[in-house]
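What follows draws every value from the coordinates through simple rules; no lab data is involved. What you are looking at is a predicted structure, and each value in this text was computed from that prediction instead of being measured.
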Amino acid sequence: MNFSFEYEEGEHKMTDIELLEILKIGETVDVECKEGENKIPNSLWESYSAMANTNGGIIILGIKENKSKGTFEVQGVKNIDKRCIRRR
C-alpha cells in the first residue's frame, strides 16, 4: 500500500513504514489525521487553512484517532478517486 501527497517540489509516495512512523509520533503542528472514510470531514478545512497560513504540513485522511488510548487506526477511504483533492 502506498500513499501519495504533493508538495512544492513534486509528488512523493509515502510508504507503509513512513505512515506507521508518523502514526507512532502522532499529530503535530505539521501532521493532522482525519477519519474521512465516507466523506471529507468539515474539520479538514480548518487544518488546511492553518497549515496554509504557516509552514504547511500533511493531512492524512482515513486515520481514526482513539483519544482515550492515544492511538491511531488506519481506517481507509472509500471511493478514493471521488475524494481526492489535487492541487493543479
*Can you work out ³J(HN,Hα) from phi for every residue in segment 35-50, in order, using Karplus 6.51 cos²θ - 1.76 cosθ + 1.60 and θ = phi - 60°, giving whole Hz and x for Gly and Pro?*
4, x, 5, 10, 7, 6, x, 4, 5, 4, 5, 5, 5, 4, 5, 4
_Long-range HN-HN contacts of residue 75 with modeled amide H, under 5 Å_ = 63, 64
